[in-house]
1. Could you tell me which residue of the stretch 86-96 is farthest from A205 (Cα to Cα), considering only residues that are surrounded by fewer than 20 Cβ atoms within 10 Å (Cβ to Cβ) and in contact (Cβ under 8 Å) with a residue 24 or more places away in the chain?
2. For the stretch 191-207, state whether one or more residues are touching a residue at least 24 places away in the same chain (Cβ under 8 Å) and over 14 Å from V49 (Cα atoms).
3. If you take the residues of the stretch 250-275 that are under 23 Å from the mean Cα position of the chain (by Cα) and touching a residue at least 24 places away in the same chain (Cβ under 8 Å), which of them is most open to solvent (accessible area, probe 1.4 Å)?
4. Pairs, please: C-beta under 7 Å, at least 6 apart or cross-chain, first residue under 21 Å from V209 (Cα atoms) and in the stretch 52-67, second among the aliphatic types (A, V, I, L, M) and open to solvent by 50 Å² or more (accessible area, probe 1.4 Å)?
5. Note down all Cβ pairs under 8 Å where the first residue falls in the stretch 165-176 and is on the phi < 0 side of the Ramachandran plot, the second is among the small types (G, A, S) and at pLDDT 90 or above, and they're at least six residues apart or on different chains.
6. Would you please name the residue that is surrounded by the most Cβ atoms within 10 Å (Cβ to Cβ), looking only at residues in the stretch 175-213 that are under 21 Å from W236 (Cβ atoms) and of a type outside the set (G, A, S)?
7. Every residue in the stretch 214-242 that is in contact (Cβ under 8 Å) with a residue 24 or more places away in the chain, hydrophobic (A, V, I, L, M, F, W, C) and open to solvent by 50 Å² or more (accessible area, probe 1.4 Å), please.
8. Could you list, in sequence order, all residues of the stretch 38-49 that are assigned to a helix (DSSP H, G or I) and either under 16 Å from L186 (Cα atoms) or free of Cβ contacts under 8 Å to residues at least 60 places away in the same chain (or both)?
Amino acid sequence: WEQFATFDNFASIVRNMAFEGILALGMMLLMVGGAFDLSVGATASMIGVVTGWLMKNAGWPVPLAVAAGLALAALCGMTNGLVVAKLRVNALIATLGTLGVFSGIALLVGGPGISFLPTEFSRLGQAAFLGLQAPVWLMAILCVVGHYCLAHTRFFRQFYYLGSNPKAAHLSGLNVDRLQIIGFTLMGLLAGLAGVVYAARVATASSTVGVGKELASITACILGGASLQGGRGTAWGALLGVFFVALLQNMLLIKQVRPEWQSIFLGIVLVFAVVVDSLLN
C-alpha cells in the first residue's frame, strides 16, 4: 500500500509502465492470433536511436524524423510477418534472428545512446495533463482503441479464430497470411512508437532500452489472460498484466531487493504464469 500513499507514487508507477504497456498491447494482438515477436525490444531501441540520429546528426525536423522512424518500424514488423507467413519460418526463429539484427543496428547507429535531443521533441514525451505525462495518456488511448477493435470489429475478431485453430480458419476462408502480416506490422509500429515515446520522455535515445522487454511483455500478456496457444486475450488484460508486473517491480525496489533477486523473482512469476496457462488449456 506504500505504492499508493500519494498520487505522485501512482503517477510514477504508470509513467514507468507506459513503455511496456504499449509493447504489451501489440504483443497481445499477436498472441491472440497464435504468434509472438521476440524482436519488439530491439525494434524499440533501434527506432529510438534512428529517430534521435535523424534529428541530431542529420538535422531533420522533429515531425519528419518521427514519421520516418515509425515507417521504418512498420517495415521491420512487416518483414517479420512476411518471413513467418510467406516463408513459413517459425515465429520464434524468425523474430529471434531479427532481434539480433535490430539490436546490432541500434548499437551501430547510436553507440551507447544519443543524448541532448531537441527540446521540441522532449516536450512530446514530457507534456502532462491532470498530473500524468503524455506517454500514459497515449497508452490509455491505444488500449481503448485496441479493446474496441478486438471486441467490436469484424476484421480483428478474426485473430481469435486464427489463434484458436489456424487450419480451420484457413478452411473457413480467412486470409491467414494477410492476418499474420498485418499483426506483425502493427506490432512493429507499436514497438517503434514505444521507442520514440521513451526517447522523448527522457530526452535520450538509448540503444539498450528494449533489452529483455520482449519477455516482460509476454509475461504481462499471459498474466492478463492471454494464452501461448492463441485464441484468448484482451487489450485491458494486457494493460492489467503490465500494471501487475510494474507493481511487483516497484514493491521490490521499495523493499530494496537486489537487482539479481528481482530478476529471479520475475522469472519465477513468468514460469508460474506459463504453468497456469498450460493447466487452463
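The values are calculated or read from the model by the stated rules, or taken from the named source; none is laboratory data. None of these values were measured; they are calculated from a predicted model. Using ideal geometry, Cβ is built from the backbone for each residue, glycine included, and neighbour counts are taken over all protein chains shown. Please note that ligands, DNA and RNA were not included when accessible areas were found on the heavy atoms of the full protein model with its side chains. Shrake-Rupley method; radii C 1.70, N 1.55, O 1.52, S 1.80 Å.
1. Taking the candidates together, the pick is K86.
2. no
3. Only one residue fits best here, namely M251.
4. Correct list of pairs: W53/V109.
5. P166/G34; V176/A85
6. So the first thing to find is which residues in the stretch 175-213 are under 21 Å from W236 (Cβ atoms), and the list is 183, 186-187, 189-191, 193-194, 197, 213.
Of the ones still in play, those that are also of a type outside the set (G, A, S) are 186-187, 189-190, 193, 197, 213.
Working: L186: 21, M187: 32, L189: 22, L190: 26, L193: 23, V197: 22, K213: 23.
For the stretch 175-213, the residue satisfying everything is M187.
7. L215, L223, L228, W236
8. Listed by number, the residues that qualify are V40, G41, A42, T43, A44, I47.
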